[in-house]
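The values are calculated or read from the model by the stated rules, or taken from the named source; none is laboratory data. Since we're looking at a predicted model, the values are computed, not measured. Backbone-built Cβ (ideal geometry, glycine too); neighbour counts: all protein chains shown.
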There are 2 protein chains.
Amino acid sequence: MPTPPERPVSVRRYPCEKCPLRPLKIFREFEPKELAFISRFKKGELAVDKGATVLVEGSHSAHLYTVLTGWGFRYKLLSDGRRQILNYVMPGDLIGLQGSVMGEMQHSVEALSSMMLCVFQREELNELYSNHPGLGYDITWIAAREEQMLDENLLSVGRRSALERAAYLIAFLGSRAKSVGLNGSQKLNLPITQQHIADTLGLSLVHTNKTIRKLINRKLVLWRDGGCEIVDIEGLMQLARWEGLGEARRPLV
Amino acid sequence: MPTPPERPVSVRRYPCEKCPLRPLKIFREFEPKELAFISRFKKGELAVDKGATVLVEGSHSAHLYTVLTGWGFRYKLLSDGRRQILNYVMPGDLIGLQGSVMGEMQHSVEALSSMMLCVFQREELNELYSNHPGLGYDITWIAAREEQMLDENLLSVGRRSALERAAYLIAFLGSRAKSVGLNGSQKLNLPITQQHIADTLGLSLVHTNKTIRKLINRKLVLWRDGGCEIVDIEGLMQLARWEGLGEARRPLV
DNA sequence: CGGCCTTTTGATCGTTCTCAATGAACGTGG
DNA sequence: CCACGTTCATTGAGAACGATCAAAAGGCCG
């Protein structure tokens, strides 16, 4: 049940100067001037409920968002309802760039948990490019990183077996979550259902279930509390023949 | 047989002012200042033989290329040799942006036909962003477009049947080729083997052959002269439930 | 002519899908 | 507190799609 996007709340509980994400070592440091611009660029915060639709394919959104907290996913639908999840979004990720740059969203975004988003005004992107070329470069960097993740996903869906695919996906999400500090102590808990995994891997729900059971039997993951917990990420990576994400520091807009 | 990238030839048979691509209606018009910068940004031309490797996964290329003529494809390999073709490149496309922006190529690029590439110096990207924000924005635009194509491909490989996938791919390549004027008269001829199609769709070669035969029997395509000829692109799109590419004019760097 | 690459075909195998049903966990309203 | 609906996970059986194996045919080029 798609919920229409809320209008941004104007309350700003997280001023950019006190951004909880920025101190993470994975993000590059910003010049004070850049930070000041970002702070001005930011129009407010938007709270999104679990299950709500953040952006809809075909819409012309006037906004660009950065995820502050929570998880979501990008997906596309075929006209008969088949769904393909393209990628997941988590804290620090930019959403809606495609719509901002190319005019119309070609995919939808849904919240996997409740989320808090920073809201930016699409029109001011031009000013960003004009006055802060470093930030413009950063946006390209972010787009290139998204492309890299998609390449990896496409390799997986196209050429890995069901078991390898599942192992890859879980290791991939675990690595990303860890890099933004989403691991309570050591254990990574992914807030996704098996239906999400199926729609990401291009498999049926039933076969996905049987595949995950194999991962559980191999003591690579656990399934509890309605989500997936990673036990042995090294084992998952080895099974999937996956090298892991690059460790480069990245920009946070 | 991967051929190491040649060093750029300095001969410039195609000065930017006389670029054969720029007049095409699909590309947006550039300011004289922008054109002058691009012309200075361009370091030369590189001729690549059919079958040669243009960029290698893992390498740190100092160059960024725009395709002037010819076809190629981007791909990734698993350690046991399974290959996934990620996307195709044709005139007007930028290649190597990932390597330029993020430091290391995460995929390889191979020439499907002989190609002519415009060579740009990676280091000068910063100057581009600083002095020509409009061009910086364009590069982001190009990256977002690539992401959009990948989304579409991922949907296809993940959720379409073999027949739909093949129809989608051929229609997709045909549409792109047409938009850059690669249709000799009306007929579109794609210079790819069935092995390429198989590696793009995530299918085996044998099954790909049988699938293409069905398309031929339905009079949607022909196969001749070692390549694919499109007969009925509407029929292909309908079979794949594909809406077609957006018609927006795009930048050409 | 002989060798290579690509396409084609048939036969069999196995992975994954579909259908159908059940079970477990949770929240809600009576 | 319990009955009920809902969502998500699980299981079995049979069917279908696509993979693999093997072989041959066609085209191209030296």
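Okay, here's what the table says:
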{"item": "Number of positions in region A:191-221 that are assigned to a loop (DSSP other than H, G, I, E, B) and either near DNA strand D (Cβ under 7 Å from one of its atoms) or closer than 23 Å to residue A:178 by Cα (or both)", "result": "6"}
{"item": "The one condition in (1) out of contact with any strand residue (DSSP E or B) (no Cβ under 8 Å at 6 or more places or on another chain); (2) charged (D, E, K, R); (3) more than 14 Å from chain B (Cβ to nearest Cβ); (4) farther than 28 Å from residue A:17 by Cβ that residue A:50 fails to fulfil", "result": "(1)"}
{"item": "Per-region count, region B:159-201, residues closer than 19 Å to residue B:112 by Cα, among the small types (Gly, Ala, Ser) and within 13 Å of DNA strand C (Cβ to nearest atom)", "result": "2"}
{"item": "Single unsatisfied condition, residue B:224 versus (1) more than 14 Å from chain A (Cβ to nearest Cβ); (2) within 16 Å of DNA strand D (Cβ to nearest atom); (3) touching a helix residue (DSSP H, G or I) at 6+ places or on another chain (Cβ under 9 Å)", "result": "(3)"}
{"item": "Residues of region A:19-43 that turn out to be in contact with a helix residue (DSSP H, G or I) (Cβ under 8 Å, 6 or more places away or on another chain), within 24 Å of residue A:123 (Cβ to Cβ) and surrounded by 16 or more Cβ atoms within 10 Å (Cβ to Cβ), as a count", "result": "6"}
{"item": "The one condition in (1) away from DNA strand D (no atom under 15 Å from the Cβ); (2) surrounded by fewer than 22 Cβ atoms within 10 Å (Cβ to Cβ); (3) farther than 18 Å from residue B:87 by Cα that residue B:252 fails to fulfil", "result": "(2)"}
{"item": "Matching residues in region A:144-158 - criterion: being within 16 Å of DNA strand C (Cβ to nearest atom) and under 16 Å from residue A:71 (Cβ atoms)", "result": "none"}
{"item": "Exclusive hit being modelled with pLDDT under 95 and either surrounded by fewer than 18 Cβ atoms within 10 Å (Cβ to Cβ) or assigned by TED's automatic domain parsing to the domain that holds residue B:67 (or both), set B:178, B:210, B:214", "result": "B:178"}
{"item": "Any hit, region B:124-138, residues being under 16 Å from the mean Cα position of the chain (by Cα), over 23 Å from residue B:210 (Cβ atoms), more than 7 Å from chain A (Cβ to nearest Cβ) and not in a loop (DSSP other than H, G, I, E, B)", "result": "no"}
{"item": "In region B:79-118, residue farthest from the other protein chains (Cβ to nearest Cβ) [restricted to those that are touching a Phe, Trp or Tyr at 6+ places or on another chain (Cβ under 9 Å) and more than 25 Å from residue B:190 (Cα to Cα)]", "result": "B:100"}
{"item": "Selection status of residue A:182, more than 14 Å from DNA strand D (Cβ to nearest atom), among the hydrophobic types (A, V, I, L, M, F, W, C) and part of a loop (DSSP other than H, G, I, E, B)", "result": "yes"}
{"item": "Subset of region B:99-114 (residues that are modelled with pLDDT under 95 and outside any loop (DSSP other than H, G, I, E, B))", "result": "B:99, B:100, B:101, B:102"}
{"item": "Residues of region B:227-238 satisfying the condition of being within 15 Å of DNA strand D (Cβ to nearest atom) and either among the charged types (D, E, K, R) or in contact (Cβ under 8 Å) with a residue 60 or more places away in the chain (or both)", "result": "B:229"}
{"item": "One residue from B:94, B:77 being closer than 21 Å to residue A:140 by Cα and modelled with pLDDT of 95 or more", "result": "B:94"}
{"item": "Residue B:137 vs. criteria of a type in the set (Ser, Thr, Tyr) and in contact with a strand residue (DSSP E or B) (Cβ under 6 Å, 6 or more places away or on another chain)", "result": "no"}
{"item": "Sole residue being touching a helix residue (DSSP H, G or I) at 6+ places or on another chain (Cβ under 8 Å), within 13 Å of chain A (Cβ to nearest Cβ), of a type outside the set (Gly, Ala, Ser) and within 13 Å of DNA strand D (Cβ to nearest atom), chosen from B:241, B:160", "result": "B:160"}
{"item": "Condition met for residue B:198 (within 20 Å of residue A:201 (Cα to Cα) and without any contact (Cβ under 8 Å) to a residue 24 or more places away in the chain)", "result": "yes"}
{"item": "Members of region A:96-110 found to be among the hydrophobic types (A, V, I, L, M, F, W, C) and either over 12 Å from the mean Cα position of the chain (by Cα) or surrounded by fewer than 22 Cβ atoms within 10 Å (Cβ to Cβ) (or both), listed by number", "result": "A:97, A:101, A:102, A:105"}
{"item": "Scan of region A:9-28 for residues that are more than 21 Å from the chain's Cα centre (by Cα), assigned to a loop (DSSP other than H, G, I, E, B) and of a type in the set (D, E, K, R), ordered by number", "result": "A:12, A:13"}
{"item": "Test: residue in region B:60-69 that is more than 20 Å from residue B:177 (Cβ to Cβ), within 14 Å of chain A (Cβ to nearest Cβ) and without any contact (Cβ under 8 Å) to a residue 60 or more places away in the chain", "result": "yes"}
